[in-house]
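Here the structure is laid out as structure tokens; the discussion comes afterwards.
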2 protein chains.
Amino acid sequence: MRRDKTLLLTRAALAALLLGGSISIAQAKSPAPADLKKHGTSAADKYKPSLDVMKDMKVDQPGAKPGVPALSKAEFAKANKIYFQRCAGCHGVLRKGATGKALTTEITRKNGLEYLISFITHGSPAGMPNWGTSGDMSKQDINLMARYLLNEPPTPPEFGMAEVRKSWKVIVPVAKRPKKKMNKINIDNIFSVTLRDSGEVALIDGKSKKILQIIKTGYAVHISRISSSGRYLFVIGRDAKIVMIDLWMKTPGPVAEIKIGAEARSVETSKYKGYEDKYAIAGAYWPPQYVIMDGETLEPRKIVSTRGMTYDTQEYHPEPRVASILASHYKPEFLVTVKETGHILMVDYSDLKNLKVTDIEAERFLHDGGLDSTGRYFLVAANARHKVAVVDTKESKLVALIETGGVTPHPGRGANLIHPKFGPVWVTSHLGDETISLIGTDPVKHKKYAWKVVQTFEGQGGGSLFVKTHPKSKHLYVDSPLNPDAETASSIAVFKISDMAQKEPKYKVLPIGEWSGITEGVRRVVQGEFNMKGDEIWFSVWNGKAQESAIVIVDDKTLKLKHVIKDKRLITPTGKFNVYNTRKDIY
Amino acid sequence: MRRDKTLLLTRAALAALLLGGSISIAQAKSPAPADLKKHGTSAADKYKPSLDVMKDMKVDQPGAKPGVPALSKAEFAKANKIYFQRCAGCHGVLRKGATGKALTTEITRKNGLEYLISFITHGSPAGMPNWGTSGDMSKQDINLMARYLLNEPPTPPEFGMAEVRKSWKVIVPVAKRPKKKMNKINIDNIFSVTLRDSGEVALIDGKSKKILQIIKTGYAVHISRISSSGRYLFVIGRDAKIVMIDLWMKTPGPVAEIKIGAEARSVETSKYKGYEDKYAIAGAYWPPQYVIMDGETLEPRKIVSTRGMTYDTQEYHPEPRVASILASHYKPEFLVTVKETGHILMVDYSDLKNLKVTDIEAERFLHDGGLDSTGRYFLVAANARHKVAVVDTKESKLVALIETGGVTPHPGRGANLIHPKFGPVWVTSHLGDETISLIGTDPVKHKKYAWKVVQTFEGQGGGSLFVKTHPKSKHLYVDSPLNPDAETASSIAVFKISDMAQKEPKYKVLPIGEWSGITEGVRRVVQGEFNMKGDEIWFSVWNGKAQESAIVIVDDKTLKLKHVIKDKRLITPTGKFNVYNTRKDIY
């Protein structure tokens, strides 16, 4: 056990990540300080959505107040831009607080200018990044931000049907699309790979390992999802732009696009029998809403606001953002998680005019999650509460709320495996520490283990984003790309499932970064993804934008290096989504 | 047919009434101009909720703007009070518009001070009252209001669980209440009578016609509702205060109270088998929300915000007020109508932790409504759209959206009768004209008439609020208390149901005002209500607060005067709710 590497994340990186915020890789400790500054700046400059939003934002400064410093119009616009890039992710677009504290003027004015300057400069143990001492913000900018925070926040614009519809574009009408697959690609084995900082996805053939296509998308694609039939691929950027790609075309490419808000994270498509490929849904951070669209054209059909009461204190929250969305296999429903208020919405899409929603009180700060191996139960992290909520998608009820035993669970969709002792379990690792938690998911044959943390063991360290296995695999892979230790960040821990009956199962370390042959950068290794057959697992070696990145493919049986994909177009690869595994919820 | 009396309402009265707004009886034409001013002032001064709200309101004036007149703190507070009394009902608490136009600063500043002064003084044909020329507002106040409207509106405070719970008071705990009825009153034949301007209800024994009790309540009680068992009576004031009265006690009186917001209209109790007396629900105008409470103690259980998108244009509305609420007999559901956005919510109360809501797209400006004779279909007016929406409470779907053929339907809960030609129909009269509309409600045996206006005929005139009949009655009664003609306002039109096969059925006029023996005031006659047996109908003779009022009881068979209740405690009686008819939805 390498306890020396079980370091916590830097405060800046953790804070930025907690709510699905944008993380610049420079925010974590890097072995190359010269690079750090370069990429920090570059990542910030790339944050396009803020610019779009601000164009429409009312930047009127509500008139002078005694003791409230005035900002020039240009200063206010600049501060607004910085706020949206650096602060809004934690403190909220409206400054009402989320993971970060509220920054409304009754609070900031009580604290005063000097306090704010000091706080922004030095950060706090509670998670506020040290923007000044880290070198991420200049003294001038910190002074500007402190003055900005003493003024009332501008309200970002709404984004209702008129705006959504205006952004909607059908690039290839349904009638002009092929009636059958026009290429020879085994589309079920395509990997859709997010190229984070270039605003693109790469489609890579799972067999030949060749890049089939690089497609322009929204900024910093968060996820890819596949229509039930496997034909349509949906990607969503943090700027809330969805691009829909038709994999049947001779050259797979975009057929429709739309923007469903100013900032977003999630997209999904209908999977219930009879509704295959019928609807798409996306959830926005701002405005707080979800949008149901036609599954073939992205035509917007229904917008539903998620503004409402916190589940526990029942006070009104103006900005409850939509986190993960999942399609149920048991009912014609989407599961929409609402972060700040802690509600899980089961949205029945069988009748949009008479929309039935079951609103489940779960836990605040819902983030990401996935289904158990049967597809019946949805497990989702309430990250800042260090819990996992379990919903029975058949009965539409909360089944359990479980403390994971670790700090800040980040399951992605989790990993399902058959434990030698506890039967079917679902696994999550953690952002905040080295804990790997196994939750029993079989209330029938393993009733006493169901919805309990049956085992925790230690991985390489904190800063883990994803765990992965496959029904045909005998291994569990755990990444730790955000660990401040470079060696830990660039390698993967592999557990043998058969060893898990032991109290402290050992793991093997795969030096993926080293295997990539890349010698520069931190070589963060992130997000294992199996191919369709389940015999090889792909990892991203995620470097800075100006550095070399790669995808490293490992043979699951032998745990040996099988292939390295290198290409100058592979800029900052992060998430990878195998078409078959994604559409079938195999993870 | 007395066509000379089919006058439209004064603009002021209609505007004030449209959205359940507060109407001062002085707003309609009165034969006693001297009284008019007196009551106008008195009614305004009584508007208590505005004072409560403003106490907590941030009355900070957002700093000076070029061209925007500054108000002193005292002026701003005064203008705020007037706005809440006179303007918010139509223009919205947040000035975003409702029946009245939006009054946000980008609009008011474009129009400018002089325009606003002129508009407030003279009104408009579209429905804006002529506050100046009517004598209701002084020149100084109009100038103040015009300046006030050029400034940003203050945001009224939220009213979440903390505030609701703080207002909650159990006066007699359940354990200390009687286990059986401790009085000799036939409680099913009690009438709960709103004493509008005194902030009370009168409980009147249906047999002896004696006042049993006068009970202090919230301001201007909007409705009374009875628990399924008939034991508990709930009244809600416009100030959102609910008082719960136990009719089993030796002396019926309040056992619990609560305030669910700053302004409200509706309260209801659960009626589905197995849930009798279990829950109460109330809907607020501000904040836009509904609150589900324990049916025996009023303990608040769940608050749900109604903020969201308009059903048609799908743009975000910050203030969609809750209008009527009705308990389903077919499912454990409440039907909650949301006015500005046009949604009808079927709220399943069988599992509050996993709350299921079917959100039906209906029509904007939902107001009041009731069930058809079978209890399966809910018919509700979209008043400013001159339509009625029909919901099938069994299938949870919108069945029809029907133009009533009149101007501004105001059905109350409507009236159900068996038409000699069209079978079961539901009736509404109109605020804006003399039309009485009959809608077929039997899709099984009278399919071709179902959900169509099968007949319209003319009553005495516009300004009608309520129609009434009873399964045992052969008559339909139509009031017209807001008609500007004093004789029309103080009398009732009665139609013989058997005459309705005629093209233009005649009506008989009952001079209820005259029968009351009162000689002063307009003697507005409002809201017929049957006794439990269904052989007599009660009418309120509603006069000014300082004038004599009465209740006049008519024998349904002979249409002759049966009894007049006069008592100095009967101050401004309006709505009356017979316990049995109300709890069984007989109307």
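Details
- Hey, B:Val267 within 14 Å of chain A (Cβ to nearest Cβ) and either of a type in the set (Val, Ile, Thr) or open to solvent by 20 Å² or more (accessible area, probe 1.4 Å) (or both) or not: no
- Residue in the range B:437-448 that is under 25 Å from B:Ser480 (Cα atoms), of a type in the set (Asp, Glu) and away from chain A (no Cβ under 14 Å) present: no
- Some residue of the range B:427-435 being among the β-branched types (Val, Ile, Thr), modelled with pLDDT of 95 or more and under 24 Å from A:Met346 (Cβ atoms): no
- Residue satisfying condition, being closer than 30 Å to B:Trp542 by Cβ, of a type outside the set (S, T, N, Q) and out of contact with any Asp or Glu (no Cβ under 6 Å at 6 or more places or on another chain), within set B:Ile187, B:Ile107: B:Ile187
- Residue check, B:Asp239 open to solvent by less than 30 Å² (accessible area, probe 1.4 Å) and touching a Lys or Arg at 6+ places or on another chain (Cβ under 6 Å): yes
- Among the residues making up the range A:168-182, those that are more than 14 Å from every other protein chain (Cβ to nearest Cβ) and either in contact with a strand residue (DSSP E or B) (Cβ under 7 Å, 6 or more places away or on another chain) or part of a strand (DSSP E or B) (or both) are A:Lys169, A:Val170, A:Ile171, A:Val172, A:Arg177.
- All conditions in (1) in contact with a Lys or Arg (Cβ under 8 Å, 6 or more places away or on another chain); (2) closer than 20 Å to A:Ile418 by Cα; (3) in a loop (DSSP other than H, G, I, E, B) hold for A:Met532, with the sole exception of (1).
- Total residues in the range B:200-227, condition crowded, with 19+ Cβ neighbours inside 10 Å and either on the phi > 0 side of the Ramachandran plot or hydroxyl-bearing (Ser, Thr, Tyr) (or both): 5
- Whether a residue is β-branched (Val, Ile, Thr), surrounded by fewer than 24 Cβ atoms within 10 Å (Cβ to Cβ) and more than 11 Å from chain B (Cβ to nearest Cβ) was assessed, and A:Thr297 passes this test.
- Near pairs, Cβ below 6 angstrom, 6+ apart or cross-chain, from the range A:423-436 (touching a residue at least 60 places away in the same chain (Cβ under 8 Å)) to any residue that is assigned to a strand (DSSP E or B): A:Glu434/A:Glu458
- When we screen A:Leu335, A:Leu401 for residues that are farther than 30 Å from A:Pro484 by Cβ and either open to solvent by 10 Å² or more (accessible area, probe 1.4 Å) or more than 14 Å from chain B (Cβ to nearest Cβ) (or both), the only hit is A:Leu401.
Here is a yes/no grid of residues against (1) modelled with pLDDT of 95 or more; (2) in contact with a helix residue (DSSP H, G or I) (Cβ under 7 Å, 6 or more places away or on another chain); (3) within 20 Å of B:Leu298 (Cα to Cα):
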site	(1), (2), (3)
B:Lys184	yes, no, no
B:Asp188	yes, yes, no
B:Ser198	no, no, no
B:Ile211	yes, no, no
B:Tyr219	no, yes, yes
B:Arg231	yes, no, yes
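- Answer from B:Leu355, B:Leu345 - the residue that is within 12 Å of another protein chain (Cβ to nearest Cβ), under 21 Å from the mean Cα position of the chain (by Cα) and among the aliphatic types (A, V, I, L, M): B:Leu345
- Residue in the range B:538-554 that is part of a strand (DSSP E or B) and among the charged types (D, E, K, R) present: no
- Some residue of the range B:561-569 being over 19 Å from B:Ile190 (Cβ atoms), out of contact with any strand residue (DSSP E or B) (no Cβ under 9 Å at 6 or more places or on another chain) and either surrounded by fewer than 21 Cβ atoms within 10 Å (Cβ to Cβ) or in contact (Cβ under 8 Å) with a residue 60 or more places away in the chain (or both): yes
- Test result for A:Glu152, touching a helix residue (DSSP H, G or I) at 6+ places or on another chain (Cβ under 7 Å), within 14 Å of another protein chain (Cβ to nearest Cβ) and open to solvent by 60 Å² or more (accessible area, probe 1.4 Å): yes
- Lone qualifier among A:Glu158, A:Glu163 - being within 14 Å of chain B (Cβ to nearest Cβ), in contact with a strand residue (DSSP E or B) (Cβ under 9 Å, 6 or more places away or on another chain) and in a helix (DSSP H, G or I): A:Glu163
- Residue in the range A:183-195 that is closer than 25 Å to A:Pro287 by Cβ, among the β-branched types (Val, Ile, Thr) and within 14 Å of chain B (Cβ to nearest Cβ) present: no
- Residue match in the range B:283-293 (condition: within 14 Å of another protein chain (Cβ to nearest Cβ), under 29 Å from A:Thr306 (Cβ atoms), open to solvent by 10 Å² or more (accessible area, probe 1.4 Å) and touching a residue at least 40 places away in the same chain (Cβ under 8 Å)): no
- Reported count of residues in the range B:358-393, each being within 14 Å of another protein chain (Cβ to nearest Cβ) and of a type in the set (Ser, Thr, Tyr), is 2.
Yes/no per residue for (1) without any contact (Cβ under 8 Å) to a residue 40 or more places away in the chain; (2) over 21 Å from the mean Cα position of the chain (by Cα):
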| position | (1), (2) |
| --- | --- |
| B:Lys302 | no, yes |
| B:Gly308 | yes, yes |
| B:Tyr316 | yes, yes |
| B:Glu319 | no, no |
| B:Pro332 | no, yes |
| B:Lys339 | no, no |
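- Among the residues of the range B:431-449, those identified as crowded, with 23+ Cβ neighbours inside 10 Å and within 15 Å of B:Val390 (Cα to Cα) are B:Ser437, B:Leu438, B:Ile439, B:Gly440, B:Thr441.
- Enumerated strands (runs of 3 or more DSSP E) restricted to the range B:474-515, each holding at least 3 residues that are among the basic types (Lys, Arg) and surrounded by 22 or more Cβ atoms within 10 Å (Cβ to Cβ): none
- Of all residues making up the range B:366-422, the number that are part of a loop (DSSP other than H, G, I, E, B) and basic (Lys, Arg): 4
- Among the candidates B:Tyr377, B:Tyr316, B:Tyr349, residue that is open to solvent by 30 Å² or more (accessible area, probe 1.4 Å) and of a type in the set (Ser, Thr, Tyr): B:Tyr316
- If you go through the range A:67-85 and keep only what is at pLDDT below 85 and assigned to a loop (DSSP other than H, G, I, E, B), you end up with just A:Gly67.
- For A:Leu355, the criteria (1) touching a strand residue (DSSP E or B) at 6+ places or on another chain (Cβ under 8 Å); (2) surrounded by fewer than 19 Cβ atoms within 10 Å (Cβ to Cβ) hold in every case but one, which is (2).
The values are calculated or read from the model by the stated rules, or taken from the named source; none is laboratory data. Worth saying up front: this structure is predicted, and the values here are computed from it rather than measured. Methodologically, a virtual Cβ is constructed for each residue, glycine included, from the backbone with ideal geometry; neighbour enumeration extends over all protein chains shown. Calculation scope for accessible area: heavy atoms of the full protein, side chains included, ligands and nucleic acids excluded. Shrake-Rupley method; radii C 1.70, N 1.55, O 1.52, S 1.80 Å.
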